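The values are calculated or read from the model by the stated rules, or taken from the named source; none is laboratory data. Computed from a predicted structure; not experimentally measured. Every residue, glycine as well, gets a Cβ built from its backbone with ideal geometry; the counts of neighbours run over all protein chains shown.
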Amino acid sequence: MKRVIVGLSGGVDSSVAAYLLKEQGYEVIGLFMKNWHDDSVTISNECPWLDDSNDAMLVAEKLGIPFQTVDLSEQYKERIVDYMFNEYEKGRTPNPDVLCNREIKFDVFMKIALDLGADYVATGHYCRKGIISEGGKETYQLLAGVDNNKDQSYFLCQLSQEQLAKALFPIGELTKPEVREIANEIGLVTADKKDSQGLCFIGKVKLPDFLQQQLKPKEGVIVEIPKEQDIYKEAVPEFETEEDKLRFLSRKINYNIEQGKVVGKHDGAHYFTKGQRKGLAVGGTVEPLFVIDTDVNENIIYTGQGKSHPGLLKKALFVSNDELHWIREDLALKVDDTLQVAARIRYRQPLEKATLYKVDSGLYIEFENYQSAITEGQFVAWYINEELLGSGVIS
């Protein structure tokens with residue numbers, strides 16, 4: 001019997017994952033990760049970790065598997081929370097869920113599991129693992145979950161071959177309704193529990209409150225840039241090389257106050273992110289205002305009216321070499337290589353046709369269609385068919 005340690009989060013997905021593994025004849029152990037102590041920033045009773053660990057324990061009891069809690073709050077603070085504050089301070093928008101999987105679940109947690117004699121670590125993610133065996137060597141694939149509506153492969157876009165080798169995703173072949181049905185049939189306490197919202201493991205957090213713990217409020221102005229601004233009418237130059245063209249398409253526009261008008265005030269540019277609509281509290285515009293850029297040095301938020309404002313739309317982005325990651329290392333591009341893929345720049349986004357271009361300093365991704373709010377610090381992930389091949393941090 002192979003031993004599997006399941007990250008029991010107290011939700012229905014990991015509960016059913018543990019049940020399925022037990023049915024398949026594995027020796028299953030449930031482990032709850034406690035990653036946060038500070039209840040002052042969670043919204044009251046909206047899934048504090050105590051309820052979750054209790055539910056996880058009841059599930060383990062019901063399934064007749066051993067259960068214990070591990071406290072990873074120190075590593076979580078260091079690797080996720082501090083990183084988040086740091087990124088927001090620089091005016092970038094991090095994705096804590098992607099990092100949590102790379103740094104906590106499939107690193108710190110995985111090491112603990114392997115020390116406990118586990119052969120595998122399993123989670124309740126909606127994705128699948130494929131194995132290609134060639135010449136005595138196994139290559140692992142990260143495949144989308146069968147449930148299109150719940151596919152979570154994007155959140156695992158930073159995993160390595162070593163991590164995938166030891167990972168199992170028991171519910172990847174199921175849809176969410178099927179998972180709930182199984183949980184109901186076997187009488188799990190988590191069967192009808194709502195999906196958790198908010199930061200991975202911290203529970204439902206008010207992000208501004210959370211950021212304000214470390215990033216001090218600082219009053220600044222909100223500037224509206226009109227669609228007709230000359231900066232958007234820049235003539236497209238003649239390009240000598242493909243790389244020049246991509247550099248132009250992915251360039252960042254540098255805004256200044258003179259290009260628009262002051263329409264309001266805010267408490268700190270570092271609390272806002274590109275594409276954001278909520279929280280601006282500016283009325284009286286024909287179309288709603290969206291954040292098109294933030295300047296954390298000058299503490300200015302630049303906005304534009306409507307979803308199709310040219311300040312929101314771009315066709316290309318760049319990932320530098322040090323933030324470029326291939327799950328399929330065997331398919332990594334060499335300089336001057338190109339690859340047709342489907343890509344997404346955020347979790348819920350439908351896949352979009354794109355081309356990868358490898359250059360000396362990193363990787364350009366050019367989309368067939370304009371993308372809205374390409375945001376520095378977020379992850380772009382690229383796929384061929386159902387397989388996620390690699391990812392990178394948008395620079």
Failed condition for Thr355, given (1) surrounded by fewer than 20 Cβ atoms within 10 Å (Cβ to Cβ); (2) in contact with a Leu (Cβ under 6 Å, 6 or more places away or on another chain); (3) assigned to a strand (DSSP E or B); (4) not charged (D, E, K, R): (2)
Those strands (runs of 3 or more DSSP E) lying entirely in segment 74-173 with at least 2 residues without any contact (Cβ under 8 Å) to a residue 12 or more places away in the chain and either assigned by TED's automatic domain parsing to the domain that holds Asp293 or surrounded by fewer than 17 Cβ atoms within 10 Å (Cβ to Cβ) (or both): 127-134
Condition check for Asn297: of a type in the set (S, T, N, Q) and not assigned by TED's automatic domain parsing to the domain that holds Asn385: yes
Single residue of Lys315, Lys358, Lys307 found to be closer than 30 Å to Lys265 by Cβ and touching a Phe, Trp or Tyr at 6+ places or on another chain (Cβ under 9 Å): Lys307
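Do we have Gln349 as in a strand (DSSP E or B) and polar (S, T, N, Q) here?
No; evaluated as a whole, the condition is false for this residue.
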Residue in segment 337-345 that is in a strand (DSSP E or B), buried (at least 18 other Cβ atoms within 10 Å of the Cβ), charged (D, E, K, R) and not assigned by TED's automatic domain parsing to the domain that holds Leu164 present: yes
Among residues of segment 312-336, those that are in contact with an Asp or Glu (Cβ under 7 Å, 6 or more places away or on another chain) and surrounded by 13 or more Cβ atoms within 10 Å (Cβ to Cβ), counted: 2
Filter pass, Phe379 being touching a residue at least 24 places away in the same chain (Cβ under 8 Å) and crowded, with 22+ Cβ neighbours inside 10 Å: yes
Single residue of segment 190-238 satisfying the filter (at pLDDT below 90 and β-branched (Val, Ile, Thr)) that is farthest from Ile257 (Cα to Cα): Ile202
